[in-house]
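A quick write-up on the structure given underneath.
The values are calculated or read from the model by the stated rules, or taken from the named source; none is laboratory data. Bear in mind the structure is a predicted one, so any value in this text is a computation, not a measurement. Virtual Cβ from ideal backbone geometry, glycine too; neighbours counted across all protein chains shown. SASA here: full protein model, heavy atoms, side chains in, ligands and nucleic acids out. Shrake-Rupley method; radii C 1.70, N 1.55, O 1.52, S 1.80 Å.
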Amino acid sequence: MSIFARSPSDRVIVVGAGVAGLATALRLAPRAVTLVTAAPLGIGTATGWAQGGIAAAMGSDDAPSLHADDTLAAGAGLTEPDVALRVAEAGPGLIEWLVALGTGFDREPDGALALGLEAAHSRRRIVRARGDSTGRTVLDALVRAVQATPSIETLVAGLHGLMQDADGSVRGVVCERDGVAFRLPARAVVLATGGVGALYASTTNPRGALGRGLLAGARAGAALRDLEFVQFHPTAIAAGRDPMPLATEALRGEGATLIDELGAPVMAGIEGGDLAPRDVVARGIFQALARGRTVYLDARGRLGERMPRRFPTVAALCAEAGIDPAVQPIPVRPAAHYHMGGILVDEAGRSTVPGLWACGEVSSSGLHGANRLASNSLLEALAFAPRIAESIGDAPAPAGADRPAPLPEIRPEDAAVLADIRGIMERCVGVVRDAASLSQAVAQLTDLSARGSEAAATGLMIARAALDRRESRGAHWRSDFPGQLPARHAVVTPALADAPALQELTDA
Ligand SMILES: Cc1cc2nc3c(=O)[nH]c(=O)nc-3n(C[C@H](O)[C@H](O)[C@H](O)COP(=O)(O)OP(=O)(O)OC[C@H]3O[C@@H](n4cnc5c(N)ncnc54)[C@H](O)[C@@H]3O)c2cc1C
């Protein structure tokens, strides 16, 4: 059956084909799903680039409660304890689900899963595949499964916005292909469009990670939470590439250290040292760079020699940059990596707008709080996918009257404007923030947004949220407010992309 012939009363639209979209589509089977993705399956996702792995309490010395404790500690007061525990408890079963789909995880000689250690995890619990090619391996397995599932059809198109009925319930999507807009009605829509890293000049994210799903959700009136929390990965490889290749944190777990050009340890005197939480290490490196130092990840010696076998992806990325990690330290700097904030969802992935669900990085489920624990994001998407499928199955088909809106004129994002926006986000909404730079970002992004830039509208939501949080917490560091206030979520309600923010604070 063709995509357009399918009845909206039974169609579910999933937008995005990373781990979140693919897992949700699979969990919805045999229900009819149209998977809308900006790029063909297997391309253009952060999922495919994940290096470290998937956190799951599988070791004999581990337990879901310990995993949840580490998640809570990293989240800096804004992780929901029940969400952390439920996701951690689901971990081992989700790894088995992936194994059943044909994912070849790395194993010890006795057949047990090989478990790696990453920063801020108290146990070895990172399940990986082909060394540091976990994301690619998982993505390939999910894509194969989707292609073998007759109830899922794929449409390569860009999400432009959401269709809503007179009551505001989401009734489908407005997409664009080759500059032409069209509607795709549905009984339910799941946004799985990933993160916002490409709004920054330095990022590890794919170019399409511009937060289009987040903006569409905002414009449909969905509540958004904690948008100010953007995680900067401490060790993106500074070799002149955009997006920046990543040197996984697992390298530090295996003994690599951060040094400057004089060989002095960058993290000396900072609690946790090289294995401190991501935000602490990112700030340590940022401050060293601000003092004019050059920062390197030093894996010289045995680790560097083992790298082609243990970390083949990083080894290949270094080779492309002309670096031999066995004898040369790897130049690194922090880069926008992961968005903790997003569309507020409940335990079943439901947004505050009927008919709209969100999964993966575009959502704010309560797991990551102010700072994501490494290797928890693939896990989060896998854990929420079955709950979303179940909740869509239970939800009544929408009954409200249609509210036909004229189809929009499609205007591609201007490359020069996007470059400006990325520079503004990098300079003013980056690792270290203050009121002056954030106010400047808000003014400039307001102007660019008024001139029709969707990327500016999305960046503006983040900049405003960062300006409003007058404290330092997790990944959000304000040099003018280094202390902490009582832990509170910032929930922003609707259509603020085009109007002044309506801020509402709720206790964490
Ligand atoms: C370099 C790197 C390494 C990482 N390593 C790890 C790790 O080891 N462990 C871990 O847990 N996490 C890791 N992460 C984070 C993790 O990969 C992501 O958070 C996760 O993959 C997000 O999955 P997702 O499905 O939400 O989004 P994505 O995988 O980014 O997929 C988004 C999808 O949405 C589509 N899309 C976007 N906009 C539109 C639009 N307007 N219209 C249509 N489609 C659209 C894209 O084409 C894509 O198919 C890493 C991230 C990066 C960048």
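Which members of the range 340-365 meet the condition of being out of contact with any Pro (no Cβ under 8 Å at 6 or more places or on another chain), outside any strand (DSSP E or B) and more than 8 Å from the ligand (Cβ to nearest atom)? M340, G341, V345, D346, E347, A348, G349, S351, T352, V353, S365 - these are the residues of the range 340-365 that are out of contact with any Pro (no Cβ under 8 Å at 6 or more places or on another chain), outside any strand (DSSP E or B) and more than 8 Å from the ligand (Cβ to nearest atom). Could you tell me whether A50 is within 11 Å of the ligand (Cβ to nearest atom) and under 30 Å from L184 (Cα atoms)? So A50 fails the test.
Within the range 178-195, work out how many residues are in contact with a strand residue (DSSP E or B) (Cβ under 7 Å, 6 or more places away or on another chain) and either of a type in the set (S, T, Y) or more than 10 Å from the ligand (Cβ to nearest atom) (or both). Please lay out each step first, then the result.
Step one: filter the range 178-195 for residues in contact with a strand residue (DSSP E or B) (Cβ under 7 Å, 6 or more places away or on another chain), giving 181-193, 195.
Now drop any that are not either of a type in the set (S, T, Y) or more than 10 Å from the ligand (Cβ to nearest atom) (or both), which leaves 181-190, 193.
Here the count works out to 11.
As for the range 224-236, it holds at least one residue that is more than 29 Å from V14 (Cα to Cα) and either out of contact with any Gly (no Cβ under 9 Å at 6 or more places or on another chain) or open to solvent by 10 Å² or more (accessible area, probe 1.4 Å) (or both). Restricting the range 21-43 to residues that are touching a helix residue (DSSP H, G or I) at 6+ places or on another chain (Cβ under 7 Å), open to solvent by less than 10 Å² (accessible area, probe 1.4 Å) and of a type in the set (G, A, S) leaves a set whose member that is farthest from the ligand (Cβ to nearest atom) is A25. Residues considered: A383, A436, A374. Of these, the only one that is within 16 Å of the ligand (Cβ to nearest atom) and either in contact with a strand residue (DSSP E or B) (Cβ under 9 Å, 6 or more places away or on another chain) or farther than 23 Å from T193 by Cα (or both) is A374. Total residues in the range 214-244 satisfying the condition of being assigned to a loop (DSSP other than H, G, I, E, B) and either in contact with a Phe, Trp or Tyr (Cβ under 9 Å, 6 or more places away or on another chain) or more than 10 Å from the ligand (Cβ to nearest atom) (or both): the figure is 14.
If you go through the range 144-158 and keep only what is part of a helix (DSSP H, G or I), surrounded by fewer than 19 Cβ atoms within 10 Å (Cβ to Cβ) and within 15 Å of the ligand (Cβ to nearest atom), you end up with just Q147. Every residue in the range 162-211 that is part of a strand (DSSP E or B), touching an Asp or Glu at 6+ places or on another chain (Cβ under 7 Å) and open to solvent by 20 Å² or more (accessible area, probe 1.4 Å), please. Correct list: R171 only. Among the candidates H368, H337, the residue that is within 12 Å of the ligand (Cβ to nearest atom) and in a loop (DSSP other than H, G, I, E, B) is uniquely H368. Considering the range 53-62, the residues that are touching a residue at least 40 places away in the same chain (Cβ under 8 Å) and surrounded by fewer than 24 Cβ atoms within 10 Å (Cβ to Cβ) include one that is farthest from the ligand (Cβ to nearest atom), namely D61.
For A405, indicate whether it is open to solvent by less than 50 Å² (accessible area, probe 1.4 Å) and either over 22 Å from M340 (Cα atoms) or modelled with pLDDT of 95 or more (or both). So A405 does not fit the description; no. Per the listing L78, L101, L72, L85, the residue uniquely open to solvent by 40 Å² or more (accessible area, probe 1.4 Å), of a type outside the set (S, T, N, Q) and in contact with a His (Cβ under 9 Å, 6 or more places away or on another chain) is L85.
Results for (1) crowded, with 18+ Cβ neighbours inside 10 Å; (2) within 21 Å of the chain's Cα centre (by Cα), shown as yes or no for each residue.
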site: F105; (1), (2): yes, no
site: P109; (1), (2): no, no
site: R130; (1), (2): no, no
site: H160; (1), (2): yes, yes
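Picking from residues in the range 267-297 that are surrounded by 16 or more Cβ atoms within 10 Å (Cβ to Cβ), small (G, A, S) and farther than 18 Å from L117 by Cα, the one that is nearest to the chain's Cα centre (by Cα) is A282. Just one of the listed residues (S391, S439) is in a helix (DSSP H, G or I), more than 25 Å from A166 (Cβ to Cβ) and of a type in the set (S, T, Y), namely S439.
Looking across the range 63-84, the residues that are more than 16 Å from the ligand (Cβ to nearest atom) and not in a helix (DSSP H, G or I) come down to A63, A76, G77, L78, E80.
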